1. In the chain, what percent of the accessible surface is made up of carbon and sulfur (1.4 Å probe, ligands and nucleic acids excluded)?
2. For the range 1-111, what does the alpha-carbon gyration tensor say about shape, rounded, prolate or oblate, given a ≥ b ≥ c as the root eigenvalues, a/c under 1.5 as rounded, and a/b over b/c as prolate?
3. So, in nm, how far is label Tyr144 from label Leu185 when the simple model puts each one 7 Å beyond its Cα toward the Cβ?
4. What is the dipole size for the range 33-190, taken about its Cα centre, with +1 at each Lys and Arg Cβ and -1 at each Asp and Glu Cβ, in debye to the nearest 20?
5. Solvent-accessible area per residue for the range 1-102 at a 1.4 Å probe radius, Å²?
6. I need the peptides 114-126, 21-33 ranked by packing, meaning the mean over residues of other C-beta atoms within 10 angstrom, with the highest value on top.
7. What are the GluC sites (Glu not before Pro) within the range 9-59 that DSSP puts in a loop, where the Cβ has at most 12 other Cβ atoms within 10 Å?
8. State, in angstrom, two size descriptors of the range 47-190 derived from its alpha carbons: Rg to one decimal place and Dmax to the nearest whole number.
Amino acid sequence: KSSEYGTCINLLGLLYVRTGAYGKAEPLFFTAREIKRQTAGEEDADHITITENLVWVYLKTGQYAKAEPLYIWLAGIKAKLLGENDPAYAAAINDLATAYLHMGEYKKAEPLFLRSLQIRRSALGETHADYATSLDNLASLYIYMNLYEKAEPLYLQSFHIRKAIIPETHADYTNGLNNLASLYLYTAQY
């Protein structure tokens with residue numbers, strides 16, 4: 001099977017994802033990934049992208065145990081190809097931490113969220129939307145851990161970043177408000 005065939009299967013998988021047919025997309029991404037690995041190699045950009053597509057399906061369908069080894073592989077390949085200070089590596093470990101969060105593996109998630117935050121601060125600065133996302137993710141972890149006092153300053157910092165860079169009608173702005181409101185609800189600060 002050719003590399004182009006793998007590309008076509010991946011595109012069909014993306015079509016199924018857009019229609020919410022994750023069960024149909026998963027085997028297509030799995031097959032496309034294997035074809036790309038055999039024809040182009042593991043370090044091929046398409047192979048990496050298809051792996052990200054497959055992992056996204058696992059995350060959306062709650063199959064975190066299937067997602068974990070692929071997230072670990074993605075983090076490793078991005079570290080190898082781009083370095084451990086690259087924003088793409090930060091995104092990969094952030095995604096792995098998110099899977100751990102959903103699996104209830106908070107002790108595994110926290111150092112990854114912290115490292116992602118550190119990389120994004122260094123590489124992108126403290127006024128970048130991805131840095132704000134890292135703040136939100138770490139704060140969410142602390143909410144799950146009932147560490148509300150650690151979550152609040154992170155949510156506030158993220159909200160102020162987003163307020164400065166996006167319009168008030170944007171979904172990320174309203175999500176920031178919702179995060180703060182939820183925190184205040186949890187802590188009975190009505």
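The values are calculated or read from the model by the stated rules, or taken from the named source; none is laboratory data. These numbers were taken from a predicted model, which means no experiment stands behind them. Note that we place each Cβ from the backbone using ideal geometry, even for glycine, and neighbour counts take in every protein chain shown. Calculation scope for accessible area: heavy atoms of the full protein, side chains included, ligands and nucleic acids excluded. Shrake-Rupley method; radii C 1.70, N 1.55, O 1.52, S 1.80 Å.
1. 54
2. Oblate is the answer for the range 1-111, as a/c is 1.5 or above yet b/c matches or exceeds a/b.
3. 1.9
4. 160
5. Working: 5070 Å² over 102 residues.
Result: 50 Å² of accessible area for each residue.
6. Put in order of decreasing packing, that is 21-33, 114-126.
7. Numbers: sites: Glu34, Glu42, Glu43, Glu52; in loops: Glu42, Glu43.
Here the GluC sites (Glu not before Pro) that fit, given the DSSP loop and packing criteria, are Glu43.
8. Calculated on Cα positions, Rg and Dmax stand at 15.4, 49 Å.
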